[in-house]
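The values are calculated or read from the model by the stated rules, or taken from the named source; none is laboratory data. Worth saying up front: this structure is predicted, and the values here are computed from it rather than measured. Counting neighbours? That spans all protein chains shown, and the Cβs are built from the backbone with ideal geometry, glycine included.
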Amino acid sequence: MDLTKDRKKLMELYRPGMEEFTLVEVPELPFAVIDGQGSPDHDAGAKAIKYLFTAIYPIRREARERMGKALIEPPLEMLYWADDMCDLAAGNKENWKWRAMITLPVWADGNMFANAVAQAKKQMDEVANSLRMESFSEGRCAQIMHVGRAQAIPALLERLYTQFLPQNNLEPDGAYHEIYLDDWNRTAPERRKLILRQPVRPGR
């Protein structure tokens, strides 16, 4: 799906309400992704995310040239999972596995991505072997917008997994997903906007 041409779907995916969890159908979208494990707050996480942004910079630059003022810069997105999924709600980040992702334009093909990565390698000290282009489809998801400090997220997840999903006869079906709508290095903690998203399936 080309979200630049379907603003209604774009708003549905990236502007959910803040009061209640809602259900949304997430279509297949192309991403640049890079994997890691352990706390993403550590240096390894910051380095991986920096590499990801550096790698796709030529594609973002071309998107700005093609679209001009109509361009909406795609945000950083993170998938989180663990061998014991209870570690997610408990915030035990050392046991997490994660994937940093940024959506790509539908016209970005494999050759364009490979050329962008080749340019990035000249600027970075290390090469991330897991960096790749991948189409990703989540399907039906529960999501909510959170504005404020990250310390409030565990309570929202507890509400999602113990109240909203059971009440709607749903269960998790895939990695927990966060979408960061602000640059956290430039936004005060109390003003940060974050989407919490969880793929779901009917309960058994």
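Within region 53-66, identify whether any single residue is assigned to a loop (DSSP other than H, G, I, E, B) and among the acidic types (Asp, Glu), and answer yes or no. Within region 53-66 (the criterion being assigned to a loop (DSSP other than H, G, I, E, B) and among the acidic types (Asp, Glu)), the answer is no, since none of the residues qualifies.
Quick one: is residue 47 charged (D, E, K, R), outside the structural domain of residue 116 (by TED's automatic domain parsing) and either under 20 Å from residue 135 (Cβ atoms) or surrounded by 14 or more Cβ atoms within 10 Å (Cβ to Cβ) (or both)? Judged against the criteria, residue 47 is not a match.
The number of residues in region 181-204 being surrounded by 15 or more Cβ atoms within 10 Å (Cβ to Cβ) and part of a strand (DSSP E or B) comes to 8.
Residue 115 satisfies every condition listed in (1) part of a helix (DSSP H, G or I); (2) touching a residue at least 60 places away in the same chain (Cβ under 8 Å); (3) not aliphatic (A, V, I, L, M) except (2). Scanning region 164-180 for residues that are closer than 15 Å to residue 25 by Cβ and surrounded by 18 or more Cβ atoms within 10 Å (Cβ to Cβ) turns up 170, 177. Of the listed requirements (1) in the same structural domain as residue 186 (by TED's automatic domain parsing); (2) part of a helix (DSSP H, G or I), residue 144 misses just one: (2). For region 167-187, a tally of residues being among the hydrophobic types (A, V, I, L, M, F, W, C) and within 10 Å of the chain's Cα centre (by Cα) returns 2. Every test in (1) touching a residue at least 12 places away in the same chain (Cβ under 8 Å); (2) more than 25 Å from residue 50 (Cα to Cα) is passed by residue 84 save one, and that test is (1). Considered as a group, the residues in region 67-80 that are over 13 Å from the mean Cα position of the chain (by Cα) and surrounded by 12 or more Cβ atoms within 10 Å (Cβ to Cβ) include one that is farthest from residue 14 (Cα to Cα), and that residue is 67.
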